[in-house]
Every structure is written in C-alpha cells, then in structure tokens.
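The values are calculated or read from the model by the stated rules, or taken from the named source; none is laboratory data. As the structure is a prediction and not an experimental result, all values here were calculated from the model. We place every Cβ from the backbone using ideal geometry, glycine too, and count neighbours over all the protein chains shown.
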Amino acid sequence: MAVPLFDTSSPLAPLHDQLHAAVARVLDSGSYILGPEVSAFEQELAAYCGAAHAVGVANGTEALTIALRAMGVGPGDEVVVPSFTFYASAEAIPPTGAVPVFCDIDPSTYCVTAETVRAALTPRTKAVIAVHLFGNLAPVAEIEALGVPVLEDAAQAAGSIASDGRRPGALGKAATFSFFPSKNLGAFGDGGLITTSDEQIAERARTLRFHGSHDKVTYEEIGYNSRLDELQAAILRVQLPHLDEMADGRRRAGRHYEQAGLGELVRLPRATAGAEPAWHLYVVADPAVEELESALANAGIGHKAYYRTPVHRQVAMREWGAGVELPATDEAARTHLAIPMSPVLTRKQVDEVVAAARDAG
Ligand SMILES: Cc1ncc(COP(=O)(O)O)c(C=O)c1O
C-alpha cells in the first residue's frame, strides 16, 4: 500500500462546505485587499498565539524581511540564522541591508541552541532568527538570555506547544508564519503573517506592508506591497478553529512511529525540552540514507530530503557562507529524510512505512 509524504486534502474534506461559503462571502463582499477578513484573522491568530498583534503579509519570506526591518535591523547589522533550514530563512536577511551569520544546530532536534547561537554572536549582532524547524521548538528564552532579540521563524510550527503551554508566535520579540498550502495552517495560495506583542514593531510592520505608508497619503520609507489577501484570510479563518485538532493528529502520528519501533531502525526526531511539536515534517536520520530512500521508493512510500545542501553552501550565499564550518548541519544535511506525516496518518500506514524501512536492513 502506497503512503503519500503528506496529505493536505483529506483533513480539509469535512470543512468543504464552510470553505466554499467563506470564498463566496468574499467574492460577494467586493472587498479583496485589507478588509474585514484580514483584520478578523489577524485578531484571531494573535489571540490563538497569545500575542498582542498580528500583521498579515503576502508570504512567509516577506514576513521575515518586514519583521526584521520592523525590529530595527538594517545596513551594518548581522542576523544569526541556522543554515539547516529552508533557504528563505536566510534569503530574507540581505534585503534589509544586514548580513546573515550562519550558526549550527543540535542534530537530534534540528534546531539551534543557545550554545550554537552564542558561537555566532558578535558586537554587530542585531537579532537571531530561531527557526522552529519541522514543528520542533527552538529554545527562544535561552537565546534571548544571551542579550539578543529573537525573531521566531514559525513557518513550520503552527499548532506546536512549548513546555510552559505557550505557543510559537509569542515566545520571542516577534514571529513569522507562512501559510503556503502544505503548511500546518495552509491557505489556497501564498500568505504570511507577523506576530508581536511590541506595539512599535507591529505599527512599523503595518506601514512597511503598505509601501511604507500608514495613511496611504504620505510615504515615510521604502516599503513593500505585501498583504495577505481577503480570500486567503477567509479560508484560514475556517481552518484556525481546527488547528489544534490537526496538530494533535500530527503528534499522534509521531507517537505511532515511536510505538511501531521505527527508532530501532533510524534516528527519530527528538522534541526540544518540554515541547509538543505539531510535526510539520517527520524527519528521521540514517547514516545509510540512500538505502533507506531506495527501500521506501520500492514500497511506494513518500519521502524527501528537503535540505541536502545546507543554506550556507548555496551559491547565492557564497559571500556569507564561504569558509563557515558547521559540522552538525553538514551531518543533518547528509543523513536526514522526511517520511510520511499528516494529521490523518494512520497506525496502519505507519506500519507500512516501518516495514519498508526494515527492508533497508
Ligand atoms: C522555515 C521556513 N521559513 C520561511 C518560509 C517561507 O515561507 P513562504 O514560502 O510563505 O515565503 C518557509 C516555507 O516555505 C519555511 O519553511
């Protein structure tokens, strides 16, 4: 039985009628940009995260650039960022005028630690982007204890829960989300959002998303045309009340892998201290990963190596990545593999995956 890498449509099937009604409501409203749906979604998502403000933008990449600028990052500054992440986490930094400084990760959690961040700090460090990779939670408080503000890249972590019950989006100075369709909270197109409890950061982000103007008459600084659409906001509002239930499904699927004995065959992802990750991707590690890949392919099991080339080794990053040595990042890049994960992944499907992994020997 084939098992897909992810399943975005089955979890939405019960919401079909509500989604159609939401789309119709927006079409009929005649209001498509920065209207009542975006405002309502901003309030609802901020409340869900426990942040005071949310600012909807066009995608998760621009959310990072705008949030960094709103935090005061600019030319001459350095921003610490992991290299084992989606490329956009670092790509978002140069447009602010600042430069990325790459740091290592803990290969068992795939997240940065206070120690790996400390090794990359200099007097020019203005902020740290802590990526909650694969839904696992980076230790934001420990990093901020080093004296630097943290921007959480929570693109992959909607629905995760920290050890104290708090949510990504309210752990650092500001946070960003992506609503790319395959994300834990996915739109039907691109979308992104910034959360913060800092009034000034929120206000500047709102100005930056609208061409650097807060009144649409005077233009105070060079900004962006970067808004979340009304249509996407309406679609996301239907899904948000079900996010926890879907996140629980992801956590349950993770437990199925543990109970099915996958940990005897490959290294399972380890949740950071006290975190309950809503696994966006379930990523295992295996020194003989090519054999695992071909065993899964033979059995029709979806799998993908997302970050075989870490960001600091990408051509576009050569100016900032050349000569940087990040051993744990290189190890994770070489050995990781995402295997099926979704809110509706069953124990039977998990058993299929584990049986195929066993064949890899
Ligand atoms: C960790 C991370 N950061 C940033 C992004 C960028 O988000 P977007 O694709 O919405 O621009 C993504 C997702 O694509 C991501 O996974």
From the option list Glu44, Glu37, Glu91, single residue qualifying as within 16 Å of the ligand (Cβ to nearest atom) and charged (D, E, K, R) is Glu91
Is it true that Ala120 is under 23 Å from Leu45 (Cβ atoms), touching a residue at least 12 places away in the same chain (Cβ under 8 Å) and either aliphatic (A, V, I, L, M) or part of a loop (DSSP other than H, G, I, E, B) (or both)?
-> no
Looking at (1) away from the ligand (no atom under 16 Å from the Cβ); (2) under 21 Å from the mean Cα position of the chain (by Cα), can you tell me which one Thr122 breaks?
-> (2)
Members of the range 152-169 found to be in a strand (DSSP E or B), of a type in the set (Asp, Glu) and either more than 16 Å from the ligand (Cβ to nearest atom) or touching a residue at least 40 places away in the same chain (Cβ under 8 Å) (or both), listed by number | Asp153
Neighbours by Cβ (under 9 Å, 6+ apart or cross-chain): first from the range 87-102, in contact (Cβ under 8 Å) with a residue 40 or more places away in the chain and at positive phi; second away from the ligand (no atom under 13 Å from the Cβ) and among the hydrophobic types (A, V, I, L, M, F, W, C) = none
Would you be able to tell me the number of residues in the range 47-67 that are more than 12 Å from the ligand (Cβ to nearest atom), touching a strand residue (DSSP E or B) at 6+ places or on another chain (Cβ under 6 Å) and part of a helix (DSSP H, G or I)?
-> 1
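The rows are residues; the columns are (1) touching a residue at least 60 places away in the same chain (Cβ under 8 Å); (2) not aliphatic (A, V, I, L, M).
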site	(1), (2)
Arg124	no, yes
Pro139	yes, yes
Val150	no, no
Leu171	no, no
Phe180	yes, yes
Lys183	yes, yes
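For every residue, the table says whether it meets (1) in a helix (DSSP H, G or I); (2) crowded, with 18+ Cβ neighbours inside 10 Å; (3) at pLDDT below 95.
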{"residue": "Ser294", "(1), (2), (3)": "yes, no, no"}
{"residue": "Tyr306", "(1), (2), (3)": "no, no, no"}
{"residue": "Thr309", "(1), (2), (3)": "no, no, no"}
{"residue": "Ala316", "(1), (2), (3)": "yes, no, no"}
{"residue": "Trp320", "(1), (2), (3)": "yes, yes, no"}
{"residue": "Ala338", "(1), (2), (3)": "no, yes, no"}
{"residue": "Val353", "(1), (2), (3)": "yes, yes, no"}
{"residue": "Ala356", "(1), (2), (3)": "yes, yes, no"}
Looking at (1) part of a helix (DSSP H, G or I); (2) surrounded by fewer than 16 Cβ atoms within 10 Å (Cβ to Cβ); (3) within 25 Å of the chain's Cα centre (by Cα), which is the only condition Pro11 fails?
-> (2)
Residue check: is Val140 hydrophobic (A, V, I, L, M, F, W, C), away from the ligand (no atom under 13 Å from the Cβ), within 27 Å of Ala247 (Cβ to Cβ) and at pLDDT 95 or above?
-> yes
Go over the candidates Leu15, Leu45, Leu5 one by one and state the one that is within 22 Å of Gln200 (Cα to Cα) and among the hydrophobic types (A, V, I, L, M, F, W, C).
-> Leu45
Would you check which residues across the range 325-345 are touching a residue at least 24 places away in the same chain (Cβ under 8 Å) and either farther than 16 Å from Phe134 by Cα or in contact with a His (Cβ under 6 Å, 6 or more places away or on another chain) (or both) and list them?
-> Leu326, Pro327, Ala328, Glu331, Arg334, Leu337, Ile339, Val344, Leu345
State whether one or more residues within the range 33-41 are within 12 Å of Ala233 (Cα to Cα), free of Cβ contacts under 8 Å to residues at least 40 places away in the same chain, surrounded by 11 or more Cβ atoms within 10 Å (Cβ to Cβ) and small (Gly, Ala, Ser).
-> yes
Residue hits (the range 155-169; of a type in the set (Lys, Arg) and surrounded by 20 or more Cβ atoms within 10 Å (Cβ to Cβ)) are Arg167
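Tell me, which residue of the range 75-88 that is assigned to a loop (DSSP other than H, G, I, E, B) and surrounded by 24 or more Cβ atoms within 10 Å (Cβ to Cβ) is nearest to the ligand (Cβ to nearest atom)?
Thr85
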